[in-house]
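*Asks:* My structure is below; once you've seen it, I'll send some questions.
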């Protein structure tokens with residue numbers, strides 16, 4: 001089955017630092033637990049990528065184009081095909097008082113949001129805080145075990161996969177030509193994160209599904225839901 005640019009593909013992968021073989025990212029729950037990096041909030045199992053787009057690293061996306069469903073590959077990717085080279089201009093010194101104003105107590109390793117950019121606190125000394133907005137793996141060569149699990153061709157399944165990518169499980173998805181209806185029943189928790197993920201899911205679907213003209217999202221609430229969230 002030929003895979004081409006723009007296809008919706010489900011993959012499994014495990015990424016390691018080439019230098020010491022440390023696992024830094026995986027879709028496999030057992031591997032995550034074995035390497036003491038299990039995240040209760042993470043979704044393990046096959047992940048959605050849109051081939052050739054910016055929602056996965058370049059080296060993996062390029063490799064998928066030459067793979068078949070069910071095929072596995074071991075990749076070695078340099079910085080240019082992985083997380084980029086380090087940029088010294090993304091390392092900056094900030095006054096500790098800036099953090100105090102935000103009721104933050106910075107410590108090395110903490111990740112913070114600087115005007116929409118995620119940065120890592122490197123050090124805290126003498127009222128100054130060094131932060132680094134480079135990706136933690138910038139400048140590094142990585143190895144990646146990747147497997148193409150499946151390809152999503154049906155419009156309804158593409159929309160469903162878009163919502164699942166943002167940690168949402170629709171109760172049902174109905175498709176009628178270029179229009180799709182997504183339903184979340186009263187059993188689905190609807191908090192502020194739900195609203196954010198819903199908006200991101202809709203934006204993702206419109207960005208990558210050209211045949212899609214409209215999406216309607218129906219949300220069912222129950223009195224019990226309101227009691228629990230109140």
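*Asks:* When a footprinting reagent is the concern and you count Cβ atoms within 10 Å, what order do 60, 196 take, fewest first? Don't skip to the answer; put the middle values down first.
*Replies:* Details: 60 21, 196 11.
Ranked by crowding around the Cβ, least crowded first: 196, 60.
*Asks:* Also, quick follow-up: Counting other beta carbons within 10 Å of each Cβ, put 215, 57 in order, fewest first. It would help to have the intermediate numbers written out before the result.
*Replies:* Numbers: 215 18, 57 22.
Placing the least packed residue first, the sequence is 215, 57.
*Asks:* Let me know the shape class of the stretch 1-91, please: from the alpha-carbon gyration tensor, a ≥ b ≥ c as square roots of the eigenvalues, rounded when a/c is under 1.5, otherwise prolate if a/b is greater than b/c, or oblate. Walk me through the intermediate numbers first.
*Replies:* On the way: a/c = 1.71, a/b = 1.12, b/c = 1.53.
Verdict is oblate for the stretch 1-91.
*Asks:* On the Cα set of the chain, report Rg and Dmax in Å, please.
*Replies:* 20.5, 62
*Asks:* Taking 0.36 nm per residue of separation and subtracting the Cα-Cα distance, what length does fully extending residue 113 through residue 43 add? The partial results should precede the final answer.
*Replies:* Details: separation 70, 0.36 × 70 = 25.20 nm, distance 2.27 nm.
Full extension of this stretch gives 22.9 nm more.
*Asks:* Which value in nm describes the separation of the simple spin-label points at residue 203 and residue 154, placed 7 Å from the Cα toward the beta carbon?
*Replies:* It is 2.9 nm.
*Asks:* Additional query: Before rounding to the nearest 500, sum -39500 (n - 2.57) across all DSSP H runs of length at least 4 in the chain and divide by the residue total; then give [θ] at 222 nm in deg cm²/dmol.
*Replies:* Taken over the chain, the calculation gives -6500 deg cm²/dmol.
*Asks:* Now a separate question. Could you identify which residue out of 90, 48, 212 has the top mean-square fluctuation in a GNM of the chain using Cα springs shorter than 10 Å?
*Replies:* 90
*Asks:* Could you state the per residue volume, in Å³, of the convex hull enclosing the Cα atoms of the stretch 154-230? Don't skip to the answer; put the middle values down first.
*Replies:* On the way: hull volume 5.7 nm³, N = 77.
Considering the Cα atoms of the stretch 154-230, their hull volume per residue is 74 Å³.
*Asks:* Taking the alpha-carbon centroid of each part, what is the distance from the stretch 137-185 to the stretch 74-107 in angstrom?
*Replies:* Value for the Cα centre distance between the two parts: 29 Å.
Read-outs: derived from the displayed coordinates by stated rules, not from any lab. On a predicted model such as this, the values are computed, not experimentally measured, just so you know. All Cβ positions, glycine included, derive from the backbone under ideal geometry; neighbour counts span all protein chains shown.
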